[in-house]
Structures are given as C-alpha cells and as structure tokens.
1. Quick one: what pairs do we get from the stretch 218-234, first residue in contact (Cβ under 8 Å) with a residue 60 or more places away in the chain, second open to solvent by 20 Å² or more (accessible area, probe 1.4 Å) and not β-branched (Val, Ile, Thr), C-beta under 6 Å, 6+ apart or different chains?
2. Look through 86, 82, 144, 74 and report the one residue that is assigned by TED's automatic domain parsing to the domain that holds residue 252, farther than 23 Å from residue 243 by Cα, open to solvent by less than 40 Å² (accessible area, probe 1.4 Å) and hydroxyl-bearing (Ser, Thr, Tyr).
3. Only one of 216, 152, 208, 127 is touching a helix residue (DSSP H, G or I) at 6+ places or on another chain (Cβ under 9 Å) and over 23 Å from residue 91 (Cβ atoms). Can you tell me which?
4. Can you pull out the helices (runs of 4 or more DSSP H) entirely within the stretch 113-214 that have at least 3 residues that are of a type in the set (D, E, K, R)?
5. Kindly evaluate residue 19 against the criterion of being farther than 30 Å from residue 260 by Cα, away from the ligand (no atom under 16 Å from the Cβ) and assigned to a helix (DSSP H, G or I).
6. Among the helices (runs of 4 or more DSSP H) contained in the stretch 228-322, which hold 3 or more residues that are of a type outside the set (Gly, Ala, Ser), within 16 Å of the ligand (Cβ to nearest atom) and closer than 30 Å to residue 194 by Cβ?
7. Mind checking which pairs have a first residue in the stretch 192-217 that is touching a residue at least 12 places away in the same chain (Cβ under 8 Å) and more than 16 Å from the ligand (Cβ to nearest atom) and a second that is β-branched (Val, Ile, Thr) and part of a loop (DSSP other than H, G, I, E, B), Cβ under 7 Å, 6 or more apart or different chains?
8. Identify, please: which residue in the stretch 213-237 is open to solvent by less than 20 Å² (accessible area, probe 1.4 Å) and hydroxyl-bearing (Ser, Thr, Tyr) and is, among those, nearest to residue 168 (Cα to Cα)?
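The values are calculated or read from the model by the stated rules, or taken from the named source; none is laboratory data. Fair warning: this is a prediction, and the values are worked out from it, not measured in the lab. Quick reminder, even Gly has a Cβ in these numbers, built from the backbone with ideal geometry, and neighbours come from all protein chains shown. The accessibility values were calculated without ligands, DNA or RNA, using every heavy atom of the protein model including side chains. Shrake-Rupley method; radii C 1.70, N 1.55, O 1.52, S 1.80 Å.
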Amino acid sequence: MVFISDIVRQMPAYLFSQIQRKKAQLEKQGVDVIDLGIGAPDLPTPEFICDVLDKEARIAANQRYSNYQGIAEYRKAVADFYMKHYGVEVDPETEVIALIGSKEGIAHLIQAVLNPGDKVLLPDPGYPVYQSSVHIAGGEGVPYTLSSEFEYKPDFKQISDVTAKSAKLMLLNYPNNPTSATVELETFKEAVDFARKHNLVVANDAAYSLVTFKGYKAPSILQVPGAKDCAVEIGSLSKSFNMAGWRIGYMAGNKEIIQAMLTLKSNVDSSQFIAIQKAAAAALKSDFRSVEANNEIYYERLQKLHHVLTELGLEVQEPKGTFFVWAKVPTGTSSQEFANKLLEEAGIIVTPGTAFGQGGEGYIRIALTVPVKRLDEVNNRLRKVMDK
Ligand SMILES: *Cc1c(COP(=O)(O)O)cnc(C)c1O
C-alpha cells in the first residue's frame, strides 16, 4: 500500500462489485440469476449511428487528434439540439464542450470548480460518482435529502443559509437516478434562484433527459431565463441512444465553466475519437424515432413490473422517466436485507437504496434493463417469495 495515494486508498467502496461477486457465486451453483441491478441499457445502438462510425472510422483525417473542445460539427449538433428541443440558444464555440461520457464530465467539473476543502451540495440518495468525484477533488460532499414527501425534489428551504453560503457547487440530477423522479421547469427556476442568491454553480446531470414516457418531456435547466449566469447541464448519449460503451456526452452552459473545463481537460485528455463524435452528431440530428422506440420498450417493461409490485403490496410510484423503479421495501426490513432476500430466495439482483446514500434506506432500485419475457419470470419469482 505504500505506493498508493491517500485519495485512492480512501475511495468509498464500490458496492456493485460486492453484488457481482455474489452473483458469480450463485451462478456457479447453477442458479439462473436475473440482474436488475445494472443501470445500463440492454438494447443495441441504432443501426444508423453504427453506419456513421463504420464509414468515418476509415477516413484518415478522422484518425488524428480531435479538437480538445470536440469537433465543431458535434458542438453544433449539441447547440442545434438545444434550440430545437428546448428553444435555448447556446454558442457552440464558447458554451459547449464534448465529454468522454458524462461520468468524466462530472469528475472534471468538480475539479474545475472546487478548491480543496470546498463544499458541494449532493443529492441523497444520489449517483455514487458525485461523492467519489468530490473526494478526488479534495472537497467535501454535503448531502441534501430527496424524499418521497417532497416528490424527490430538493427542498431548498431545508438547506440552511450557512450551508448554502459555504458551498461552491450544487448538483442536480433530473430525470433522477435512482428515484426515477422527474421535475417541471419550476424546480430548475428555484435552483437557479438559489444558486444566484448564494453565489454558487448549479449543474444538472441530464443523463436521462430523453428517456421519458406518457407524453412527459423533461425540461432543461438552461431553459430558465439567465441560467447561463451560473448553470451548466451535462448530457449523455449513453442512455438515450444506447451508446454507453461509446463514451460520448457534452456539457453546455456557463462560458466561464466551459472554458475552465477546456483548460483542465486539454491537460488530461484529447477528447473523443472524431468518428464517434460524428456518429453522435448524427444521433442528435436524427428525428429521434429510435429514442421513442426505446422509450416504448421501457414503458412496456415498466407497466409489466409495476402492476405486479403493486399487487404484491409494495409501494411504488409510476415514473415518467428513466428506466428505474424505486420501490419501498416491506416495513420492518432494511434495503440491504430485502435486496439480499431477493437474491438468495429468488435469484434476482436489485440495488439496495443505501448504495446511493443513507437517504435511500427503505427502498430498492430495480432497473428495467431486461426483456419483457425475463420480467414475466421476475414476476413469477416475486409472487413466490412475497407469498411466504
Ligand atoms: C449512467 C449515468 C451517468 C453516466 O453516463 P455516461 O455518459 O455513460 O458516463 C451519469 N449520471 C447518471 C445519473 C447516470 O445514471
């Protein structure tokens, strides 16, 4: 251990690897394990996107280093997407940067904004990468609670002035992982007002911005008038276009932050493969029929599972976005105990809410990333286990 930095040695444990070990163990014993723990699409990348990569990968000019900020064509596709979908103007030259996936963008945003010891307001429950990125930057995560009583929106009144004043950055994530909550523009307005009042940066992680159903359209934080004074949005093609392994996303908004990201990133990486940026530009410029088709699939799965969970007496809300179901565990059990029970007695992997922070106690997250047929099997097994 003498070779390893304190920061790495003190990294928060990654709970998912523990679950994967248990899964391997059970599979060795011949158990047919159904994994509803993974938060990544099981569906393939649309053909038309792969076709662009096929073609562009062979062009010698595309095999060189990309512009550090991302190629102009990709940044313009992002800017056009903001105009077309949200009516928001962003300058592709100064207000957009390509990311090697949004996970990279989150880690670098935090490093670009924080001095050691600075505080960051983080959702609890929340995507674990936020806390580990704050740790890497030598900052301090200050959780704000997302609770069912407040529809998993930040309760700005609960955040004391002292806490708010001492923070440098606030992270939001809507549509939300793990709770599947969605918001209207009003919540982003409150967030921007709050950020202005306390002089902080506010960032929305919009990884699920296009994974929505039932006619719901997720707003962008940049739609709030004047948002660009203090806000950025982080977008990803991983979930909406099933491109998780391609590693492509973007950040848009406040110029000063985009410039800082460029300064930082140009010293760390050299952006994404040009052919991948071209394929991602084609995705953003498309008619989004592939997105709608995926959303229909997730919605069908959602209905199937939701119906049975409700029948079994588990309290669940029917989400308008993301591919997660956030279900309350039966009274008297903890998240971890219930997740263990499902794995041991039904061979089903779900994620205990506490994997996302203490605020997730009492809940499990179920990912709808298996085909409907497998969900029938899930439902059969759940009925058996819950009848006992
Ligand atoms: C999946 C996910 C990401 C990571 O997306 P990439 O663009 O693939 O890095 C970011 N935020 C949340 C909340 C996610 O669930």
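1. Close Cβ pairs satisfying both conditions: 219/185; 220/86; 223/86; 223/185.
2. 144
3. Working: 216 fails: touching a helix residue (DSSP H, G or I) at 6+ places or on another chain (Cβ under 9 Å); 152 fails: touching a helix residue (DSSP H, G or I) at 6+ places or on another chain (Cβ under 9 Å); 208 fails: touching a helix residue (DSSP H, G or I) at 6+ places or on another chain (Cβ under 9 Å).
Result: 127 is the single residue among 216, 152, 208, 127 that is touching a helix residue (DSSP H, G or I) at 6+ places or on another chain (Cβ under 9 Å) and over 23 Å from residue 91 (Cβ atoms).
4. Once the helices (runs of 4 or more DSSP H) in the stretch 113-214 are filtered for at least 3 residues that are of a type in the set (D, E, K, R), what remains is 185-198.
5. In short, yes.
6. In the stretch 228-322, there are no helices (runs of 4 or more DSSP H) which contain 3 or more residues that are of a type outside the set (Gly, Ala, Ser), within 16 Å of the ligand (Cβ to nearest atom) and closer than 30 Å to residue 194 by Cβ.
7. Partner pairs satisfying both residue conditions: 192/224; 216/182.
8. 220
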